[in-house]
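Report on the following structure.
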Amino acid sequence: MPELPEVEVVRLGLARQVVGSVVSAVAVLHDRPVRRFEAGPRAFEAELTGRRIEGARRRGKYLWLPLDDGNALLVHLGMSGQMLVREAQHPDERHLRVRVSMPEKELRFVDQRMFGGLLLSHGGAELPREIVHIARDPLDPEFDSDEFVSRVRRSRSGIKRQLLDQTKVSGVGNIYADESLWRARLHGQLPGEQISATALLQLLDCVREVMSEALGQGGTSFDALYVNVNGQSGQFDRSLRAYGRAGQPCARCGSLIRRVAFMNRSSFFCPSCQPLP
Ligand SMILES: [Zn+2]
């Protein structure tokens, strides 16, 4: 699943390439990606047509494009969604689901597995009501670090589970959680209440560092499906120190990185640098 850096890469591309454009036509080619828009696919097409795109914003892994009527086009990429900006004559992608035509270009929602989707959020230009429950992310200037720290320390849950809790902090998924915990030298199963406030603030710094570096490299591309609006993959996977490196030496101490099962996925950590007490 794409994480914050991959989604932010897409947002930056949309900000550069579609903001200011007016939608000339919309075609929903498969109904599933607009299933959460209750008025249905034909209303989606009619309401979006003629609107000017005023911006490209993000909260956690949700993107939205504020429109000139005060509504917003809200996008979630799910497991495999892509927002591509193509010239109109570019051949259709195999899993093209929604085509948003603009003068001289098209915004295309391509999604193989179709867990992602689009909807029009009425009155959602500032912040769509569908995502008000999503916490800010650590790169957001208004993210409240002290609030995060005190909430984590009131809980017995393991720190990794809390990092993935989108109501506490958004945008951190499995890959960047493991990388941040490795940098902070914290074991993911450490209960929040046993970690000092100082260590948690350092962990947040590590999260910001990892995400900023990943952004600088266009994100991580474990899956060829994570691409920017021009269809290109990022390169941060070459910089990973823990995630996906089971059996390889820790870059800090040489111990072998271990993998354990975690919530239907895996956790990767260094048993020496990130001990459990
Ligand atoms: Zn180590």
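Please treat every number below as a calculation from the coordinates, not as lab data. Given the structure is predicted, the values throughout are model-derived calculations rather than measurements. Neighbour counts are summed over all protein chains in view; Cβ atoms, including those assigned to glycine, are modelled from backbone coordinates with ideal geometry.
Charges on Cβ only, +1 for Lys and Arg, -1 for Asp and Glu, centred on the Cα centroid of the range 131-221; of Val210, Ser157, Val172, which one is farthest towards the dipole's positive end?
Ser157
So between Glu213 and Ser150, what do we pick up on full extension, going 0.36 nm a residue minus the alpha carbon distance? Don't skip to the answer; put the middle values down first.
Details: separation 63, 0.36 × 63 = 22.68 nm, distance 2.68 nm.
That works out to 20.0 nm of additional length.
What distance in nm separates the two pseudo spin-label positions at Arg16 and Arg238, each 7 Å out from Cα along the beta-carbon direction?
1.9 nm
Could you state the orientation-averaged shadow area of the convex hull built on the Cα atoms of the range 207-277, in nm² to one decimal?
Spelled out: convex hull of the Cα atoms, projected over all directions, averaged, 6.0 nm².
Based on DSSP H runs of at least 4 residues, each adding -39500 (n - 2.57), what is the mean residue ellipticity at 222 nm of the chain after dividing by all its residues, to the nearest 500 deg cm²/dmol? If you can, show how the numbers build up before the last one.
Numbers: 6 runs with 67 residues, N = 277.
-7500 deg cm²/dmol, from helical runs alone.
Which cross-chain or sequence-distant (5 or more) residues have an amide H under 5 Å from the amide H of Met79, H modelled 1.01 Å from N in plane?
Counting only residues 5 or more places away or on other chains, the set is Phe115, Gly116.
Using 0.36 nm per residue of separation minus the Cα-Cα distance, give me the extension gain between Glu54 and Thr198 in nm, one decimal.
47.8 nm
Report relative contact order for the chain in percent, whole number only (criteria: Cα-Cα under 8 Å, sequence separation at least 6).
Relative contact order comes out at 18 percent.
For Lys160, list the lysines whose Cα falls under 23 Å from its own Cα; do not include residues on the same chain fewer than 8 positions away.
Reachable lysines: Lys61, Lys168.
Show me the ranking of peptides 248-256, 1-9 by mean Cβ neighbours inside 10 Å, starting with the highest.
1-9, 248-256
So, R0 is 30 Å and r is the distance between the beta-carbons of Asp92 and His122; what FRET efficiency does that work out to, to 0.05?
0.50
For the range 206-277 and the range 34-112, what is the separation of their Cα centres, given in Å?
30 Å
Within a 10 angstrom radius of the beta carbon, how do Phe262, Phe109 rank from fewest other beta carbons to most?
Lowest count first: Phe262, Phe109.
Calculated FRET efficiency, Arg265 and Asp165, Cβ-Cβ r, R0 22 Å, to nearest 0.05?
0.90
Quick one: what are the phi-derived ³J(HN,Hα) couplings along the range 63-77, Karplus 6.51/-1.76/1.60 with θ = phi - 60°, whole Hz, x for glycine and proline?
Once θ is set to phi - 60°, the couplings for the range 63-77 become 10, 9, 10, x, 10, 6, 9, x, 8, 9, 8, 9, 10, 10, 7 Hz.
Step through the residues of the range 177-186 one at a time and calculate ³J(HN,Hα) from phi using the Karplus curve (6.51 cos²θ - 1.76 cosθ + 1.60, θ = phi - 60°), rounding each to whole Hz and writing x for Gly and Pro.
Coupling constants for the range 177-186: 5, 4, 5, 5, 5, 4, 5, 7, 6, 10 Hz.
Under the 0.36 nm per residue contour assumption, what length would be gained going from the current alpha-carbon distance of Ala246 and Arg42 to full extension? List each step's numbers first, then the result.
Numbers: separation 204, 0.36 × 204 = 73.44 nm, distance 4.87 nm.
Computed gain between Ala246 and Arg42 is 68.6 nm.
For the range 161-172, just list the computed ³J(HN,Hα) in residue order, Karplus coefficients 6.51, -1.76 and 1.60, θ = phi - 60°, integers in Hz, with x standing in for Gly and Pro.
Per residue, the Karplus-derived 3J(HN,Hα) values read 4, 6, 5, 8, 7, 5, 8, 9, 8, 9, x, 8 Hz.
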